[in-house]
């Protein structure tokens, strides 16, 4: 008999590091199982079959309406092809959420854009 995980229960936790070298713990949810979220920092991730993660988007969910945060997350995730949501819930204010999101963007993307920026240089240059 297989055990089923209750909806809204994280699959696991994952630590992501920002440019500051701070490590931030994130609950990991399959996109379809992600619960409505209070204000938080989240990463949209595509996990490949071999387990390799690619971060597609880093942002803050800042609405006081958890279902609105979830709707925005699912819409962006579907657009980008994400299959996981990594959620950091320990920020205590909107300002701290934005600061953590910027730290993670700088650390993971090398810039402050919400999504990876492809190099504009021609290949082989």
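Look at residue 75 and say whether it is surrounded by 14 or more Cβ atoms within 10 Å (Cβ to Cβ) and on the phi < 0 side of the Ramachandran plot. No. For segment 40-54, the set of residues classified as surrounded by fewer than 19 Cβ atoms within 10 Å (Cβ to Cβ) and modelled with pLDDT of 95 or more consists of 46, 54, listed by residue number.
Any residue in segment 21-33 that is in a loop (DSSP other than H, G, I, E, B) and either surrounded by fewer than 17 Cβ atoms within 10 Å (Cβ to Cβ) or in contact (Cβ under 8 Å) with a residue 24 or more places away in the chain (or both)? Yes - at least one qualifying residue is present in segment 21-33.
The values are calculated or read from the model by the stated rules, or taken from the named source; none is laboratory data. Every value quoted in this text rests on a predicted model; they were computed, and no experiment measured them. Virtual Cβ from ideal backbone geometry, glycine too; neighbours counted across all protein chains shown.
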